[in-house]
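The values are calculated or read from the model by the stated rules, or taken from the named source; none is laboratory data. Keep in mind it's a predicted model, so treat the numbers as computed, not measured. Every residue, glycine as well, gets a Cβ built from its backbone with ideal geometry; the counts of neighbours run over all protein chains shown.
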Amino acid sequence: MKNLLVLAFVVSVADFFLPGVSADEKSIDAGHYGRIIFEDEFEGEVLNKKWGMYKSASTVREGVMVGITPDDADHPSVNTIRFEPQADLEVAVSFRFAGSKHFSVMYRDKVYKGTHAGHICHVAVSPKAVTLYDTKTGIFKNEIHAARKAGTLDDATKALLKTKQQRVAVDLDENKWHDLLIRIQGDVMEVFVDGKKTGRFQSEGFAHTAVDQVNLTTSKKEVHYDHFKIKGAGEN
């Protein structure tokens, strides 16, 4: 059954703080994001044509998007929404693990040549961890990506990469729906899971001003998605 609960990410989170975060470091203002760029409740029988597909067998089933990587694929399923280049995005999605143990919400700039495939940043989610990545200056930066692929990373680069991510332990029930909210403002990314702030990470790559696509990347199969929304800074 489709989760019919309306997302309530924008309330009751401004005063929630992570342990160790100073009380004056409040959450990014939800009012910063007043423009709806794209939203999908997956009410039709097929995926909206605005969704791009790469190595994907994702589909719509019973009012949700089902993320599926084909058995013969050599890359996780990628489902993409494209839009005019911009910064400071808010992305919300409900999700439920349904076989797969991992998915990511990825931000890219298709014309940026400094990283592999234009990767800028992403949030990876598993039942036990949420990880915030600055991939523009981290794992997908061209020279770093090439060294990782070749197995030639030096110790200095390995140490650098540790500063380009924040991993937060969670304990998510794989049989239940959960709500994910990601906000980026300038060089700060904040992530909320089920209405609670799970991560806040500051890194220079987040300040990229020309993100033009958001991907849902599903490992193996399946992850179920619903209530997907992308919002931009400013007003419609």
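Pick out the one residue from 201, 228 that is of a type outside the set (Val, Ile, Thr), over 16 Å from residue 135 (Cα atoms) and part of a strand (DSSP E or B).
Values: 201 fails: over 16 Å from residue 135 (Cα atoms).
Sole residue among the options that is of a type outside the set (Val, Ile, Thr), over 16 Å from residue 135 (Cα atoms) and part of a strand (DSSP E or B): 228.
When you scan the range 101-116, do you find a residue that is at positive phi and either touching a residue at least 60 places away in the same chain (Cβ under 8 Å) or among the acidic types (Asp, Glu) (or both), even just one?
First, the residues of the range 101-116 that are at positive phi: none.
No, that holds for no residue.
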### Query
When you go through 96, 35 one by one, which is the residue that is within 30 Å of residue 207 (Cβ to Cβ), touching a strand residue (DSSP E or B) at 6+ places or on another chain (Cβ under 8 Å), basic (Lys, Arg) and touching a residue at least 12 places away in the same chain (Cβ under 8 Å)?
35
### Task
Please give the number of the condition residue 95 fails out of (1) surrounded by 13 or more Cβ atoms within 10 Å (Cβ to Cβ); (2) in a helix (DSSP H, G or I).
(2)
### Query
Considering only residues of the range 23-54 that are acidic (Asp, Glu) and not in a loop (DSSP other than H, G, I, E, B), which is farthest from residue 86 (Cα to Cα)?
40
### Task
Identify the residue in the range 55-84 that is part of a loop (DSSP other than H, G, I, E, B) and charged (D, E, K, R) and, among all such residues, is surrounded by the most Cβ atoms within 10 Å (Cβ to Cβ).
55
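For the range 143-166, how many residues meet the condition of being closer than 26 Å to residue 26 by Cβ and surrounded by 13 or more Cβ atoms within 10 Å (Cβ to Cβ)? Steps first, please.
Let us first name the residues in the range 143-166 that are closer than 26 Å to residue 26 by Cβ, namely 163-166.
Then drop every residue that is not surrounded by 13 or more Cβ atoms within 10 Å (Cβ to Cβ), which leaves 164-166.
Looking only at that region, the number is 3.
Quick test for you: out of 87, 129, pick the one residue that is closer than 17 Å to residue 202 by Cα, at pLDDT 95 or above and surrounded by fewer than 18 Cβ atoms within 10 Å (Cβ to Cβ). Spell out the reasoning first.
Numbers: 129 fails: closer than 17 Å to residue 202 by Cα.
None of the others qualify; the one that does is 87.
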### Query
Can you pull out the residues in the range 11-47 that are at pLDDT below 95 and within 20 Å of residue 186 (Cβ to Cβ)?
13, 14, 17, 18, 21, 22, 24, 25, 26, 27
